[in-house]
Each structure stands twice: as C-alpha cells, then as structure tokens.
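Asker: Below are the structure tokens for one structure; questions will follow.
The values are calculated or read from the model by the stated rules, or taken from the named source; none is laboratory data. Quick caveat: nothing in here was measured; it's all calculated off a predicted structure. Note that we place each Cβ from the backbone using ideal geometry, even for glycine, and neighbour counts take in every protein chain shown.
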Amino acid sequence: MHKFHVFIVLFAALLLSASCGSDQSKIGKTKVIIETSMGKITLRLYDDTPQHRDNFIRLAKEGAYDNIIWHRIVHDGVIQSGDPSLKVHGEKLLVDTSRYNYTIPAEIVYPQHYHKAGALAAAREPDSVNVEKRSSSTQFYIVSGKRFDRGSLAELHQLMNDADTTQNLAPFTEQQKHTYTTKGGSPHLDGEYTVFGEVVDGMRVVDAIDRIRTDEKEHPLKEVYIKRVIVKD
C-alpha cells in the first residue's frame, strides 16, 4: 500500500506539472519588455493571434516604438501608446508614417482572451468606419482596469448587449467573473478588440501610469514615454 500511495502522489505531481506547462504554453513563447520612463513592463505575446504578434515584433525591432509617448490614459481603464509620430519632449522629427498605413485583420479569440488587468490589445477605428474590427497597424493599449462585483458585471453585460443587438455577447465565464472581481479589468471592451498578449511583470508601472493626471481629452499632463521595446525570442 505504501508503494501504491507513493506512485499516486508522483503521478498527480506529473499531471500538475504537465497542466502548468500547458497553461504557460497558451500564453506564448515570445516575451517583450517595454522600457518606459517610469519602469519596465514585461509581456508575453499570444501564439494564437499570430498576425498581431508578428506585427508587434517587427515594429519593435524596427524601432517604431522608440521614444514615443503614452498619449492617452483612461483612468481605471487603459493606457494607450504606439503612435510613431508622437515623440518624447514634443520633438518634431521627420517621421515617415506612410509605412504604417495598413490595418490588421481582427484576431478576436474570445472568451479565451479578454480584457483582464494587464491585457495587451490593439487599438482600432470605431465600428462606424470599421465593421470588420480591423486593428491599427501600430497603436496598442494595456488594461489597467478596476474591480467589479458580480451584480455590476451582470448589469454591464446586459448594457453591452442592449447597446449592440447584433453582438449578443455570451455571458461572462466563471473565469472572467473571478478575474474581474478579484484582479479587475475593462470587461466592456470584450469581444470588440483583439487581445494579443498580457503583462507578466510590471503591473505596478501600468498602475503608476494610469494614475497620472489627464486633461478633459484623456491626454496626460505629465509626459511619460516608451524608451524602447526589447524582444526576447
């Protein structure tokens, strides 16, 4: 019996290890480090959104994100950057942005990927001019978010479906409910934008940027910027 018990324990440990490895593989192998003027944010890019992953990697390696500002902050919502023409200190450099005049087909893998705190997603033009929800070539945001209670989540879900009767968004999963009530996020964006990565270290930096005061147009009053983005293949 003793040997049998040892075997069961070892077998369970192997299953747990395999399960953890599987979960990690879902995140993706590519790590990127966004060096900001307020600290480093480390993310992993998802493998099941390959066009967004590869585009972000290429732009980072080309230096498209070097010395650009975080130009939009929605408190308890998102911090947004990615415009190569918006340089730090208001530098009026001659930047040829014509190369970025393209969009990326939506890769909305929902509800597997949703707008939890730390989610990395692509910005885009609104549905009125972009019914296919195609993503911006360069602009992205990271979710700072806020915590909800379950009652508020249910009300929000109903409002989301009432606002877009064509969407008929499925009820939040138990995982989403748990995350949104414990860690927070921006659930009103779910199913609308491509989420293609997540923060694995540096949420304190995201939260610090989120707390910067803004004007009425959500522009930060204090300049904060990206120094560079490093790709760790």
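Asker: Working carefully through the options Glu216, Glu198, find the one that is in a loop (DSSP other than H, G, I, E, B) and modelled with pLDDT of 95 or more.
Answerer: So the residue among Glu216, Glu198 that is in a loop (DSSP other than H, G, I, E, B) and modelled with pLDDT of 95 or more is Glu216.
Asker: Only one of (1) of a type in the set (D, E, K, R); (2) exposed (fewer than 13 other Cβ atoms within 10 Å of the Cβ); (3) not in a helix (DSSP H, G or I) is not met by Glu155, so which one is it?
Answerer: (3)
Asker: Kindly list, by first and then second residue, each pair from a residue in segment 35-58 that is touching a residue at least 40 places away in the same chain (Cβ under 8 Å) and assigned to a strand (DSSP E or B) to a residue that is surrounded by fewer than 16 Cβ atoms within 10 Å (Cβ to Cβ) and not small (Gly, Ala, Ser), limited to pairs with Cβ atoms under 6 Å and residues at least 6 apart or on different chains.
Answerer: Glu35/Lys227; Glu35/Arg228; Thr42/Val200; Thr42/Asp201; Arg44/Val200
Asker: I'd like to know if segment 220-231 contains one or more residues that are more than 17 Å from the chain's Cα centre (by Cα), over 22 Å from Ile33 (Cβ atoms) and either exposed (fewer than 13 other Cβ atoms within 10 Å of the Cβ) or among the charged types (D, E, K, R) (or both).
Answerer: yes
Asker: Need the failing condition index for Arg204 against (1) under 18 Å from Gly77 (Cβ atoms); (2) under 16 Å from the mean Cα position of the chain (by Cα); (3) surrounded by 20 or more Cβ atoms within 10 Å (Cβ to Cβ), just the number.
Answerer: All conditions pass for Arg204, except number (3).
Asker: Report yes if some residue within segment 108-118 is of a type in the set (Gly, Ala, Ser), surrounded by 15 or more Cβ atoms within 10 Å (Cβ to Cβ), part of a strand (DSSP E or B) and at pLDDT 95 or above; otherwise report no. Even if it seems obvious, please write down each step before you answer.
Answerer: Keep residues of segment 108-118 that are of a type in the set (Gly, Ala, Ser), which gives 117-118.
Then keep just the ones that are surrounded by 15 or more Cβ atoms within 10 Å (Cβ to Cβ); that gives 117-118.
With the extra rule that they be part of a strand (DSSP E or B), the set shrinks to none.
So far as segment 108-118 goes, no, none of its residues is of a type in the set (Gly, Ala, Ser), surrounded by 15 or more Cβ atoms within 10 Å (Cβ to Cβ), part of a strand (DSSP E or B) and at pLDDT 95 or above.
Asker: Of all residues in segment 46-73 being closer than 18 Å to Tyr225 by Cβ and among the aliphatic types (A, V, I, L, M), which is surrounded by the most Cβ atoms within 10 Å (Cβ to Cβ)?
Answerer: Ile73
Asker: Could you pull out the residue among Asp190, Asp162 that is buried (at least 19 other Cβ atoms within 10 Å of the Cβ) and charged (D, E, K, R)? Explain how you work it out, then say what you get.
Answerer: Details: Asp162 fails: buried (at least 19 other Cβ atoms within 10 Å of the Cβ).
Among Asp190, Asp162, only Asp190 is buried (at least 19 other Cβ atoms within 10 Å of the Cβ) and charged (D, E, K, R).
Asker: Could you go through segment 96-112 and let me know if any residue there is closer than 24 Å to Val200 by Cα, touching a strand residue (DSSP E or B) at 6+ places or on another chain (Cβ under 6 Å), of a type outside the set (Val, Ile, Thr) and in contact (Cβ under 8 Å) with a residue 12 or more places away in the chain. Step through it out loud before you land on a result.
Answerer: Within segment 96-112, the first condition is being closer than 24 Å to Val200 by Cα, and the residues that meet it are 106-112.
When the remaining residues are screened for being touching a strand residue (DSSP E or B) at 6+ places or on another chain (Cβ under 6 Å), the result is none.
No, the conditions are met nowhere in segment 96-112.
Asker: Which residue pairs have Cβ atoms under 8 Å apart, sit 6 or more places apart or on different chains, and have a first residue in segment 211-230 that is without any contact (Cβ under 8 Å) to a residue 60 or more places away in the chain and a second that is loosely packed, with under 13 Cβ neighbours inside 10 Å and among the aliphatic types (A, V, I, L, M)?
Answerer: Arg213/Leu221; Asp215/Leu221
Asker: Looking only at segment 124-147, how many residues end up being touching a Lys or Arg at 6+ places or on another chain (Cβ under 9 Å), not hydroxyl-bearing (Ser, Thr, Tyr) and not in a strand (DSSP E or B)?
Answerer: Selection size over segment 124-147: 9.
Asker: Restricting to segment 81-103, count the residues that are at pLDDT 95 or above and either crowded, with 20+ Cβ neighbours inside 10 Å or over 26 Å from Glu132 (Cα atoms) (or both). Before the answer, list the steps.
Answerer: Initially, segment 81-103 is screened for residues at pLDDT 95 or above, giving 81-83, 100-103.
Retained after the next criterion (residues that are either crowded, with 20+ Cβ neighbours inside 10 Å or over 26 Å from Glu132 (Cα atoms) (or both)): 81-83.
Total satisfying the criteria: 3.
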